[in-house]
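Note sheet for the following structure.
The values are calculated or read from the model by the stated rules, or taken from the named source; none is laboratory data. Computed from a predicted model, the values in this text were never measured in an experiment. Please note: Cβ atoms are built from the backbone with ideal geometry, for glycine as well, and neighbour counts cover all protein chains shown.
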Ligand code: GNR
Ligand code: NI
């Protein structure tokens, strides 16, 4: 198992449209396990393959309190949507940012599980929100795209600044380490 690096906004790779998964081989099983490990460690309630720079239509989710209900959605399609609801969302690719997004209250989804078997499920509550959020990632879309241009611009600037500060701190720590030798 391995922890994977999560891409962060405004990384242009997050805008890639993902391709369907075609091979249900050992490499896919390993990738699913690594995505769960990465999601649980983050911690997050969902992760789309796009976020780990693998541009195929694969999503892992676990919205349970005790992290005991792992769900895999491969090549998902939304068959129907009902109602509207606003939820405060966050995203591992947009760390530290939370804002309201309106989405369908309930969706019916058809997808393949990790063995390649097709299933259909009605999803509502946090699970429904999360599935819609993850499906957006597969189309290169982020929750901040639903916010105003002004808000999104502020978020981009803040994250670019945070990233530069982290890089500077890493460089300083490395220099410190070399001096200590
Ligand atoms: O961990 C996550 N929490 C979350 C909260 C509200 C709405 C959506 C999410 S998904 C997010 C993990 C993530 O970024 N998945 O793409
Ligand atoms: Ni996200």
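Quick one: is residue 95 under 22 Å from residue 54 (Cβ atoms) and either away from ligand 1 (no atom under 12 Å from the Cβ) or assigned to a strand (DSSP E or B) (or both)?
Spelling it out, it is not the case that residue 95 is under 22 Å from residue 54 (Cβ atoms) and either away from ligand 1 (no atom under 12 Å from the Cβ) or assigned to a strand (DSSP E or B) (or both).
Only one of these is modelled with pLDDT of 95 or more, exposed (fewer than 12 other Cβ atoms within 10 Å of the Cβ) and in a strand (DSSP E or B): 122, 100. Name it.
Selected residue: 100, the only one of 122, 100 that is modelled with pLDDT of 95 or more, exposed (fewer than 12 other Cβ atoms within 10 Å of the Cβ) and in a strand (DSSP E or B).
Can you find a residue in region 30-45 that is assigned to a loop (DSSP other than H, G, I, E, B) and within 19 Å of residue 114 (Cα to Cα)?
yes
Would you call residue 67 more than 16 Å from ligand 1 (Cβ to nearest atom), more than 14 Å from the chain's Cα centre (by Cα) and modelled with pLDDT of 95 or more?
No: the conditions fail for residue 67.
Within region 98-111, restricting attention to residues that are away from ligand 1 (no atom under 11 Å from the Cβ) and under 18 Å from the mean Cα position of the chain (by Cα), which residue is farthest from residue 32 (Cα to Cα)?
102
Is it the case that residue 72 is at pLDDT 95 or above, more than 13 Å from ligand 2 (Cβ to nearest atom) and in a strand (DSSP E or B)?
When the stated conditions are applied, residue 72 passes them.
Out of the residues in region 70-89 that are within 8 Å of ligand 1 (Cβ to nearest atom) and in contact (Cβ under 8 Å) with a residue 24 or more places away in the chain, which is farthest from residue 22 (Cα to Cα)?
Residue satisfying both the conditions and the ranking: 87.
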